[in-house]
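Any read-out appearing in this document is the output of simple, stated calculations on the displayed coordinates, not a laboratory observation. Nothing here was measured: the structure is a model prediction, and the numbers come from that model. Positions of Cβ are generated from backbone atoms using ideal geometry, with glycine treated the same way; all protein chains shown enter the neighbour counts.
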Amino acid sequence: MSEQRWRSGPGKHLPFALVLGVSALGLVRIFQYHWRQGAVLLGVSLLVAAVLRILVSDEQAGLIKIRGRGMDAFLYSTLGIVVIAVALTITGGPLSR
């Protein structure tokens, strides 16, 4: 029964919805002039996508599946780490608080 739930329309897109929710929260923080927190949340959403891509099967991955499992996980995690590192190391600028 649980396998059927994952193959249905809404269940197939749950991993993408989770990543999209964290990304939306990050964008809200950026629009509230907390750009550093928002950028970190965007990086975290990429790390969540990497973890989900490793843990769920190809059928369950839905819209976070782009390439092979290993390549997706590598690219999501690398980009997530880079975004977080840049957000934490930038100092000054017009958006500093």
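Listed values, structure above:
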item: Neighbourhood net charge (11 Å Cβ-Cβ; Lys/Arg +1, Asp/Glu -1) for Met71; result: +3
item: Protection proxy ranking, peptides 21-30, 43-52, average beta carbon neighbours within 10 Å, highest first; result: 43-52, 21-30
item: Cα-centre dipole for segment 18-97 with unit charges at Cβ (Lys and Arg positive, Asp and Glu negative), debye to 20; result: 200
item: Table column - 3J(HN,Hα) (Hz), segment 36-49, Karplus curve with 6.51, -1.76, 1.60, x for Gly and Pro; result: 5, 5, x, 5, 5, 5, 5, x, 5, 4, 5, 5, 4, 4
item: Burial ranking of peptide ranges 64-71, 77-84 (average Cβ count within 10 Å, highest at the top); result: 77-84, 64-71
item: Surrounding net charge for Val22, when Lys and Arg each add one and Asp and Glu each subtract one, Cβ distance under 15 Å; result: +2
